[in-house]
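Engineer: Pasting a structure below so you can have a look.
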Amino acid sequence: MAELFTLPVLLGIFYSGIRLATPYLYAAIGETFAQRSGVLNLGVDGIMLMGAYTGFYIAMKTENLLLGLLGAAAAGFLMGLLMAVVSVSLQAEQGISGIGLNLFGLGLSTLLFKVTLGGVESIRGFQPIRIPLLGQIPYLGDIFFNHNLLVYGAFLLVPIANFILNKTTFGLKVRAVGQNPQAADTLGVNVTLIRYTTVCLGGILAGIAGASLSLALINLFQENMTSGMGFIAVALVYFGGWRPWGVLGGALLFSFVNALQLWVQVKGINIPSDIAVMMPYILTIIALTFSGRRARQPQALTKPFERGEN
Amino acid sequence: MSDLLPTGHKKIEEMRMEGIVKRFPGVLANDHVNFDVKAGEIHALLGENGAGKSTLVRQLYGLYRPDEGKIFINGEEVVFHSPKDSIAAGIGMIHQHFMLVPDLTVVENVALGLPSSRGVILDLDRVRKRIEVLCQQYNLKVDSDAYIWQLSVGEQQRVEILKALYRGAALLVLDEPTAVLTPQEVDDLFITLRRMAHEGHALIFISHKLHEVLAISQRVTVLRDGKVVGTRATEGATKTELAQMMVGRPVILQYEKSPLKMGDVLLKIENLVVRGDRGTDALKGISLEVHSGEILGLAGVSGNGQRELAEALAGLRPVKSGRIILNGVDVTHASPSVRIANGQSYIPEERMKDGAIKDFSVADNFILEDHAKTPFSSRTFLNFRNIRQTSERLVQEFNVKTPTIDTPIKNLSGGNIQKMILARELSRKPKVLIASQPTRGVDIGASEYIHQRLLEQREAGTATLLISEDLDEIRALSDRIAVIYEGEIVGIVDGKAATTEELGLMMAGIREKANP
């Protein structure tokens with residue numbers, strides 16, 4: 001155990017903890033918007049896969065990472081749009097349509113992967129950028145200010161999302177629509193439009209979350225490479241009490257434990273690796289059980305809106 | 001007189017609806033309705049539940065589109081596609097169920113959906129200042145920064161009025177605004193409404209309570225079965241007259257009650273503490289005794305623990321401490337079936353949620369409690385012949401209007417569903433009856449019938465606990481009246497001697513000085 005508490009290892013754990021939080025943050029912040037407006041999108045994982053594949057394929061063909069990222073966002077948008085059509089306009093059961101969307105994303109990304117790529121290839125993804133001055137701070141500079149673009153983006157997203165939700169007219173509409181869509185409707189708020197916007201935004205961010213894997217963290221695409229990260233993201237939204245800062249806390253906790261267990265394996269500490277891999281997930285279950293924030297849950301979550309019903 | 005309101009918005013001198021027809025599947029909700037209201041006037045719209053009042057004003061507010069007919073404002077025809085259009089035309093609506101977002105503050109609720117002076121960024125300070133100005137102008141008291149869930153029902157209603165005023169409502173529709181208020185809150189509301197009329201607003205006041213209509217309006221239009229029965233000046237109208245217009249036949253406004261024959265205590269509640277949905281104590285040590293042959297009315301404003309009490313008595317909500325003695329048996333922690341077996345019947349507040357299974361037939365709903373007993377079944381198999389016979393008899397006896405006993409209960413009107421539940425519960429010859437809001441949302445005809453049945457039950461020696469937010473109902477039926485406020489009994493008064501004012505004060509939590 002002692003070998004875990006050396007300075008380089010601790011630095012390593014913190015550094016990877018922050019890095020690993022990236023995809024969860026994009027996906028969970030996106031999901032936060034959707035859920036705050038009353039739509040539970042369980043298809044996040046499938047959207048991430050589509051984003052990861054599309055981003056990777058475009059980046060590889062064009063040798064332009066930003067184009068790849070844009071492609072991932074576009075793929076996420078289309079997947080989000082599909083979810084919105086099914087769950088908002090057609091008012092399908094949200095849980096079921098989300099699972100459907102997830103399986104669709106898994107199947108389609110696998111198919112496209114096999115047809116267009118055939119085998120696993122890797123690319124040179126987004127590289128770390130050391131931020132001037134801040135990056136020179138001993139230790140902290142290495143932990144916080146020596147990351148790639150997508151990591152910075154993910155952490156910037158938290159205050160931005162918080163600001164949008166709490167300080168803008170759009171955010172007020174989102175919160176109202178998720179709590180009492182009838183009330184919002186009677187004040188002339190377009191409930192359908194708001195929900196489409198948040199679900200599509202959630203799709204875009206989930207697409208970017210996928211790209212953060214294939215273009216920045218792992219730099220390759222393979223079948224089902226998210227292995228359920230999207231579902232963890234959904235859990236993080238609950239854990240974070242539907243608030244961006246809470247989601248950040250959850251994402252960091254989860255990814256730190258994840259980083260810890262990786263280092264446990266790297267250092268060959270005598271814990272069966274299967275147990276080590278389980279640690280973050282067990283922690284998630286425990287945390288969700290005890291977070292007890294049901295009261296904060298948007299009242300209209302999973303409920304389709306129909307005008308005139310009270 | 002200026003053609004602007006104090007809010008700086010344009011007045012609506014006259015709003016006219018002509019020949020409005022609205023059909024829903026199987027129902028003609030509005031049948032060529034003509035209705036108008038003028039600036040400075042309070043025009044009451046009176047009618048039974050289901051007469052088409054709400055449907056009519058929902059078309060004015062853009063929530064429904066009329067199938068036929070036209071709407072004119074200041075002589076010009078207008079078409080509303082959504083509430084947005086009607087808000088823009090200066091129409092505001094206070095809905096029967098408040099349209100507020102509980103987790104937002106008052107300011108946020110007012111600002112919702114409005115453009116901000118700072119573009120996409122909210123400008124709540126400005127909104128707060130304007131709210132203060134409006135509050136002064138119209139003499140409303142509201143804490144702008146409180147969350148809606150922290151406010152009393154009366155305060156929430158004021159927020160609704162503010163919302164409408166803030167949006168420049170020149171014409172305000174109030175859909176059953178008094179249903180949830182204490183008598184004193186009603187008085188406050190009326191002061192505000194008169195003030196608004198005086199300032200040049202046009203107001204439409206929807207109600208089925210005759211004395212309120214008489215007290216507040218200048219004109220009254222009565223709707224029945226979707227048609228206008230008549231429009232007349234309120235001055236000189238009487239309750240009896242309006243009731244007859246509303247129902248279409250003479251109505252009993254006062255019941256004949258036989259003298260009280262009070263017997264043993266059949267239901268005894270001792271220091272009952274029960275948790276509410278929010279985890280806090282909804283009942284804080286309540287004690288009540290209900291005797292054979294009496295109706296004990298439990299009055300109170302909605303949300304003061306009535307629902308929790310009814311559910312605890314029915315065995316649907318766990319008891320934290322205290323005791324419930326039913327007919328001499330301690331049933332504090334007993335299951336509903338034990339209570340039923342000990343002679344308790346229960347008429348729940350939400351008939352579709354707790355009282356009936358909506359996709360089941362009338363006959364199946366009749367045997368929900370007793371399906372495992374003779375004569376409805378023998379050990380394993382249901383005895384359909386007996387079930388049908390009993391159902392047919394009960395439908396007859398309790399005057400339930402249903403095409404057949406195989407009709408799904410959801411196709412019946414609220415009044416008839418309630419009669420079905422009443423038939424099921426009373427045919428079991430209960431010793432104790434818990435009746436929670438037995439006539440809420442039920443038309444006058446059915447209410448009258450239900451009240452008569454409850455009085456018959458009283459004569460037969462049943463101990464009845466009548467939980468109701470309708471003070472008229474409580475006063476008409478109860479031998480004694482207990483008032484509940486924030487989970488405690490404020491006091492118990494004699495049913496005959498109690499005045500509305502006295503009860504109203506108690507409902508607001510002010511303890512009576514006199515002896516019980």
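Engineer: Quick check on the range B:32-44. Is at least one of its residues closer than 18 Å to residue B:176 by Cα, in contact with a Pro (Cβ under 6 Å, 6 or more places away or on another chain) and open to solvent by less than 40 Å² (accessible area, probe 1.4 Å)?
Structural biologist: no
Engineer: May I pose another question? Considering A:145, A:163, A:113, A:104, which residue is hydrophobic (A, V, I, L, M, F, W, C), touching a residue at least 60 places away in the same chain (Cβ under 8 Å) and open to solvent by 20 Å² or more (accessible area, probe 1.4 Å)? Before the answer, list the steps.
Structural biologist: Working: A:145 fails: touching a residue at least 60 places away in the same chain (Cβ under 8 Å); A:163 fails: touching a residue at least 60 places away in the same chain (Cβ under 8 Å); A:113 fails: open to solvent by 20 Å² or more (accessible area, probe 1.4 Å).
A:104 is the lone residue from the list that is hydrophobic (A, V, I, L, M, F, W, C), touching a residue at least 60 places away in the same chain (Cβ under 8 Å) and open to solvent by 20 Å² or more (accessible area, probe 1.4 Å).
Engineer: I'm trying to understand the selection: among the residues of the range B:461-483, which are assigned to a loop (DSSP other than H, G, I, E, B), modelled with pLDDT of 90 or more and in contact with a helix residue (DSSP H, G or I) (Cβ under 9 Å, 6 or more places away or on another chain)? Working first, answer last.
Structural biologist: The first filter runs over the range B:461-483 and keeps only residues assigned to a loop (DSSP other than H, G, I, E, B), leaving B:461-462, B:468-470, B:478-479.
Retained after the next criterion (residues that are modelled with pLDDT of 90 or more): B:461-462, B:468, B:478-479.
Scanning the range B:461-483 gives B:462, B:468, B:479.
Engineer: In the list B:8, B:50, which residue meets the criterion of being assigned to a loop (DSSP other than H, G, I, E, B), under 30 Å from residue B:439 (Cβ atoms) and away from chain A (no Cβ under 13 Å)?
Structural biologist: It is B:50.
Engineer: Pairs please, first residue from the range A:56-84 and farther than 16 Å from residue A:126 by Cβ, second anywhere and among the aromatic types (Phe, Trp, Tyr) and modelled with pLDDT of 95 or more, Cβ atoms under 6 Å, 6+ apart in sequence or on different chains.
Structural biologist: A:84/A:196
Engineer: Go through (1) assigned to a loop (DSSP other than H, G, I, E, B); (2) open to solvent by 70 Å² or more (accessible area, probe 1.4 Å); (3) closer than 28 Å to residue A:303 by Cβ; (4) among the hydrophobic types (A, V, I, L, M, F, W, C) and name the single condition residue A:92 misses.
Structural biologist: Condition not satisfied by residue A:92: (2).
Engineer: Got a number for residues in the range A:219-244 being under 30 Å from residue A:63 (Cβ atoms) and either touching a residue at least 40 places away in the same chain (Cβ under 8 Å) or within 14 Å of chain B (Cβ to nearest Cβ) (or both)?
Structural biologist: Count: 11.
Engineer: Right, something else. Touching a residue at least 12 places away in the same chain (Cβ under 8 Å) and within 14 Å of chain A (Cβ to nearest Cβ): does that describe residue B:111? Give the steps one after another, and end with the answer.
Structural biologist: Details: touching a residue at least 12 places away in the same chain (Cβ under 8 Å): yes; within 14 Å of chain A (Cβ to nearest Cβ): yes.
It is true that residue B:111 is touching a residue at least 12 places away in the same chain (Cβ under 8 Å) and within 14 Å of chain A (Cβ to nearest Cβ).
Engineer: Taking the range B:99-108 on its own, how many of its residues are more than 8 Å from chain A (Cβ to nearest Cβ) and under 24 Å from residue B:193 (Cβ atoms)? I'd like the intermediate steps shown before the answer.
Structural biologist: Start the filter on the range B:99-108 by keeping residues that are more than 8 Å from chain A (Cβ to nearest Cβ), which leaves B:105-107.
From what is left, the residues that are under 24 Å from residue B:193 (Cβ atoms) are B:106-107.
The qualifying residues number 2.
Engineer: Now a separate question. Looking at A:257, A:237, A:264, can you tell me which residue is within 25 Å of residue A:99 (Cα to Cα) and in a helix (DSSP H, G or I)?
Structural biologist: Working: A:257 fails: within 25 Å of residue A:99 (Cα to Cα); A:264 fails: within 25 Å of residue A:99 (Cα to Cα).
Residue meeting the stated conditions: A:237.
Engineer: Just name the residue that is nearest to the chain's Cα centre (by Cα) out of those in the range B:76-125 that are surrounded by 23 or more Cβ atoms within 10 Å (Cβ to Cβ) and of a type in the set (S, T, N, Q).
Structural biologist: B:109
Engineer: Taking residue B:66 as meeting all but one of (1) farther than 17 Å from residue B:20 by Cβ; (2) touching a residue at least 40 places away in the same chain (Cβ under 8 Å); (3) not in a helix (DSSP H, G or I), write down the number of the exception.
Structural biologist: (1)
Engineer: Does residue B:473 meet the test of being touching a residue at least 24 places away in the same chain (Cβ under 8 Å), of a type outside the set (Phe, Trp, Tyr) and surrounded by fewer than 18 Cβ atoms within 10 Å (Cβ to Cβ)?
Structural biologist: no
Engineer: Another question, then. For the range A:1-39: of the residues being surrounded by fewer than 24 Cβ atoms within 10 Å (Cβ to Cβ), in contact (Cβ under 8 Å) with a residue 40 or more places away in the chain and small (Gly, Ala, Ser), which is nearest to residue A:230 (Cα to Cα)?
Structural biologist: Across the range A:1-39, the extreme among qualifying residues is A:17.
Engineer: Let me ask something else about it. Looking at residue B:440 and the list (1) within 30 Å of residue B:207 (Cα to Cα); (2) surrounded by 22 or more Cβ atoms within 10 Å (Cβ to Cβ); (3) touching a residue at least 40 places away in the same chain (Cβ under 8 Å), which single condition is not satisfied?
Structural biologist: All conditions are met except number (2).
Engineer: Considering only residues that are in a loop (DSSP other than H, G, I, E, B) and without any contact (Cβ under 8 Å) to a residue 24 or more places away in the chain, look in the range B:114-129 and name the one that is farthest from the other protein chains (Cβ to nearest Cβ). Walk me through how you get there before you give the answer.
Structural biologist: Our first condition is that a residue be in a loop (DSSP other than H, G, I, E, B); within the range B:114-129, this holds for B:114-115, B:117, B:120, B:122-123.
Then keep just the ones that are without any contact (Cβ under 8 Å) to a residue 24 or more places away in the chain; that gives B:115, B:117, B:120, B:122-123.
Values: B:115: 7, B:117: 11, B:120: 5, B:122: 6, B:123: 9 Å.
Once the filter is applied, the top-ranked residue is B:117.
Engineer: If you don't mind, there's one more thing I want to ask. Kindly provide the set of residues from the range B:283-292 that are within 16 Å of residue B:317 (Cβ to Cβ) and either part of a loop (DSSP other than H, G, I, E, B) or open to solvent by less than 20 Å² (accessible area, probe 1.4 Å) (or both), ordered by number.
Structural biologist: Matches in the range B:283-292: B:283, B:286.
Engineer: If you don't mind, there's one more thing I want to ask. What single numbered condition from (1) at pLDDT 95 or above; (2) surrounded by fewer than 17 Cβ atoms within 10 Å (Cβ to Cβ); (3) assigned to a helix (DSSP H, G or I) fails to hold for residue B:313?
Structural biologist: (2)
Engineer: Considering only the range B:65-87, state which residues are farther than 17 Å from residue B:174 by Cα and not charged (D, E, K, R).
Structural biologist: Taking the range B:65-87 first, the residues farther than 17 Å from residue B:174 by Cα are B:65-82, B:84-85.
Hits for the range B:65-87 are B:66, B:69, B:71, B:72, B:73, B:74, B:75, B:78, B:79, B:80, B:81, B:82.
Engineer: Separate question: Identify, by number, the condition in (1) outside any loop (DSSP other than H, G, I, E, B); (2) more than 22 Å from the chain's Cα centre (by Cα); (3) over 20 Å from residue B:49 (Cβ atoms); (4) not hydrophobic (A, V, I, L, M, F, W, C) that residue B:230 doesn't meet.
Structural biologist: Of the numbered conditions (1) outside any loop (DSSP other than H, G, I, E, B); (2) more than 22 Å from the chain's Cα centre (by Cα); (3) over 20 Å from residue B:49 (Cβ atoms); (4) not hydrophobic (A, V, I, L, M, F, W, C), the odd one out for residue B:230 is (3).
Engineer: Continuing with this model, one more query. Given the structure, is residue B:412 touching a Phe, Trp or Tyr at 6+ places or on another chain (Cβ under 7 Å) and surrounded by 20 or more Cβ atoms within 10 Å (Cβ to Cβ)?
Structural biologist: The answer is no for residue B:412.
Engineer: Which one is surrounded by the most Cβ atoms within 10 Å (Cβ to Cβ), of the residues in the range B:246-262 that are over 17 Å from residue B:478 (Cα atoms) and free of Cβ contacts under 8 Å to residues at least 40 places away in the same chain?
Structural biologist: B:248
Engineer: What's the total number of residues in the range B:78-113 that are within 27 Å of residue B:3 (Cα to Cα) and part of a helix (DSSP H, G or I)?
Structural biologist: 8
Engineer: Here's something else I'd like to know. Keeping to the range A:181-199, report how many residues are open to solvent by less than 30 Å² (accessible area, probe 1.4 Å) and at the interface with chain B (Cβ under 8 Å from one of its Cβ atoms).
Structural biologist: So the answer is 7.
Engineer: Given the condition surrounded by 22 or more Cβ atoms within 10 Å (Cβ to Cβ), among the acidic types (Asp, Glu) and more than 17 Å from residue B:89 (Cα to Cα), answer yes or no: does some residue in the range B:48-65 qualify?
Structural biologist: Yes, that holds for at least one residue.
Engineer: Same structure, new question: The conditions are (1) closer than 27 Å to residue A:297 by Cβ; (2) of a type outside the set (Asp, Glu); (3) within 14 Å of chain A (Cβ to nearest Cβ), and residue B:153 fails exactly one of them. Which is it?
Structural biologist: Failed condition: (3).
Engineer: State all residues of the range B:426-454 that are part of a helix (DSSP H, G or I), within 22 Å of the chain's Cα centre (by Cα) and within 22 Å of residue B:480 (Cβ to Cβ); if no residue qualifies, say none.
Structural biologist: Those that are part of a helix (DSSP H, G or I), within 22 Å of the chain's Cα centre (by Cα) and within 22 Å of residue B:480 (Cβ to Cβ): B:447, B:450, B:451, B:452, B:453, B:454.
The values are calculated or read from the model by the stated rules, or taken from the named source; none is laboratory data. Nothing here was measured: the structure is a model prediction, and the numbers come from that model. Note that each Cβ is placed from the backbone with ideal geometry, even for glycine, and that neighbours are counted across all protein chains shown. SASA here: full protein model, heavy atoms, side chains in, ligands and nucleic acids out. Shrake-Rupley method; radii C 1.70, N 1.55, O 1.52, S 1.80 Å.
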